[in-house]
Structures are given as structure tokens and as C-alpha cells.
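Okay, structure first, notes after.
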Amino acid sequence: MLEWYHWTLITMAVLAAACAWHLPRAVFWIALGALSYVTSAWWHNAGLPYGAAYGMATNLAICLAIYSLAQQRWELRTWNMFHAMILLDILYLAGIIKTQLLFAVSLEVVNAAALLLIAATGIMDRAGYARLRSGSYRGRRLFGLARALFSKRNHPPFWQVK
């Protein structure tokens, strides 16, 4: 049974995918995150043991996928969001986060932040901020943010040689 917060996150995922539809990599990361979310929710609702460990394993798999395939810095910021989810899973499994409600709310907040990052990236790309020059009027204000999101990744994965 889906609760209101499930529907909220589903709506946010659909809106983020709509905002970033022209960025196939963004839609791919949204789809992977949604797959992780659905399977983790199913695991928990089925009453299977170690739901947080299963969620951590799916988030770790997505982290590895993003790390190996990311080409721009905004993808690495999405990677950091999945790090935060893994950290929350570890804190819950270690007993530092005591209640299931606090754990679930924390994960939902990080999920929402990741979706907002992807949606904002899609909107900025569609508006043309990725192609700004620092000398234009519009560019002076948003050039730093656009450069931080759309510039190429500085370092390849550790297993690739330059």
C-alpha cells in the first residue's frame, strides 16, 4: 500500500524526469534511483529481514554505477546524495538512528534533494545556462553555478588510466 509520501516522491521523480527529459543520463539516474526505491520499499513491506541492509546494497550498486559512468560534475553531486543514503543506512543499522520514522523521513529528504538537483540541472540546461560565457550580463550571475554543474569530471574512476 502506497502512503502519501510514496506518492509525493513518485510525483517528484516524474516531474524531475520531465524537467531533464532532454538529458538522457539524468533520466537514467532517476530510473535507477526509482528502481532502488521500489525494490527497497517492496522488501520492507514484504516483511523480509534486513531491509536497511538491502536498501544499502541497492544504493551502493547505484553509487558504483554513477562513479564509473559519470561524465559531469552534477552527476558526481548525485553520487554524493547516494553516499548520504548509504550513511543513513549505516547509522540505522548501527542503532544510532533509533526510530524507523526518523530513518524513513531522513531517506525521503535525501531522495527529494537528489531529485531537485536533477530537475534543477535539467532546467538550467534547457534554459541555456550551460553555454553561458562569464562576460555576459546573465552569465556573471550564474556562470559559477553552471560551471559547477556542467563542467567535465576532473578525475576518471580510479581503475581508468588517463
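Numbers below:
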quantity	calculated
Any chance Q160 is under 30 Å from A52 (Cβ atoms) and either among the hydroxyl-bearing types (S, T, Y) or at pLDDT below 95 (or both)	no
Scope segment 75-102; condition surrounded by fewer than 20 Cβ atoms within 10 Å (Cβ to Cβ), farther than 30 Å from W21 by Cβ and not aliphatic (A, V, I, L, M); matching residues	G95, K98, T99, Q100
Y50 of a type in the set (F, W, Y) and crowded, with 18+ Cβ neighbours inside 10 Å	no
Lone unmet requirement of (1) exposed (fewer than 15 other Cβ atoms within 10 Å of the Cβ); (2) of a type in the set (A, V, I, L, M); (3) within 13 Å of L23 (Cβ to Cβ) for I118	(1)
Criterion: at pLDDT 95 or above, over 20 Å from Y5 (Cβ atoms), assigned to a helix (DSSP H, G or I) and in contact with a helix residue (DSSP H, G or I) (Cβ under 9 Å, 6 or more places away or on another chain) - qualifying residue of I90, I123	I90
Matching option when the condition is in a helix (DSSP H, G or I) and either surrounded by fewer than 20 Cβ atoms within 10 Å (Cβ to Cβ) or among the charged types (D, E, K, R) (or both), among S36, S68	S68
Residues (assigned to a loop (DSSP other than H, G, I, E, B) and farther than 20 Å from E75 by Cα) located in segment 1-30	M1, L2, E3
Criterion: without any contact (Cβ under 8 Å) to a residue 60 or more places away in the chain and touching a helix residue (DSSP H, G or I) at 6+ places or on another chain (Cβ under 7 Å) - qualifying residue of G51, G33	G51
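The values are calculated or read from the model by the stated rules, or taken from the named source; none is laboratory data. Please read all numbers here as calculations on a predicted model, not as lab measurements. Note that we place each Cβ from the backbone using ideal geometry, even for glycine, and neighbour counts take in every protein chain shown.
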